[in-house]
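Have a look at the structure below, then the notes.
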Amino acid sequence: MIEQDTIKLLRECDAGVKMGVKSIDDVFDYVENKQLKGELNDCKDEHQKLEREIEQELDRYHDDGKEPNPIANVMSWMKTNVKLVVNESDQTIADLMTDGCDMGIKSLNKYLNKYAAADEKSKDICKRLIKLEEKLRTQLQEYL
């Protein structure tokens, strides 16, 4: 049970971290504020570090991980592009990214509870990913 919950939790973290990186990439070219650009870039770097750590853990279990849900990807892309066409501003970007952080935090906490038998290392990775999302959400508040 521990191994199965560990793999499932790591897969969800893998999908979540990939979704976070993709979301940052989707809005990055529209950002005008240099400080916001730097914060998003730093957050992306941290996500990518965690992504490599998740991949190493999944490799130990001979698992390929999980890609984000394709429907969620398309919906996210559409929402981002529609909102940016209507109002291309750092405030819109902060709003979109805050919504994404909220969804990520909620999902990751749900999976952390659902896969309670996962090993401590994978739980720690998940908690660090949640903290990254919380940190970005807090940083974005000044741009709303």
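Details
- Positions within region 13-39 being assigned to a helix (DSSP H, G or I), within 19 Å of E142 (Cβ to Cβ) and more than 12 Å from the chain's Cα centre (by Cα), in sequence order: V27, F28, K34, Q35, L36, K37, G38, E39
- Members of region 111-121 that are assigned to a helix (DSSP H, G or I) and more than 21 Å from K49 (Cα to Cα): N113, K114
- Every pair of residues 6+ apart whose Cβ atoms lie under 9 Å, when the first sits in region 1-20 and is over 12 Å from D64 (Cα atoms) and open to solvent by 40 Å² or more (accessible area, probe 1.4 Å) while the second is outside any helix (DSSP H, G or I) and of a type in the set (S, T, Y): E3/Y61; Q4/Y115
Each row is one residue, and each column tells you yes or no for (1) in a helix (DSSP H, G or I); (2) at pLDDT 95 or above; (3) closer than 30 Å to N33 by Cβ; (4) not polar (S, T, N, Q).
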| residue | (1), (2), (3), (4) |
| --- | --- |
| Q48 | yes, yes, yes, no |
| H62 | no, no, no, yes |
| N73 | yes, no, yes, no |
| W77 | yes, no, yes, yes |
| N81 | yes, no, yes, no |
| V85 | yes, no, yes, yes |
| Q91 | yes, no, yes, no |
| K123 | yes, yes, no, yes |
| E134 | yes, yes, yes, yes |
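- Set K114, K123, K127, K110: member being open to solvent by less than 50 Å² (accessible area, probe 1.4 Å) and under 23 Å from E3 (Cα atoms): K123
- Total residues in region 28-60 satisfying the condition of being farther than 29 Å from K123 by Cα and open to solvent by 80 Å² or more (accessible area, probe 1.4 Å): the figure is 4.
The values are calculated or read from the model by the stated rules, or taken from the named source; none is laboratory data. These numbers were taken from a predicted model, which means no experiment stands behind them. FYI the Cβ positions are ideal-geometry reconstructions off the backbone, even for glycines, and counts take in every protein chain you see. Surface accessibility is based on the protein's heavy atoms, side chains included, excluding ligands, DNA and RNA. Shrake-Rupley method; radii C 1.70, N 1.55, O 1.52, S 1.80 Å.
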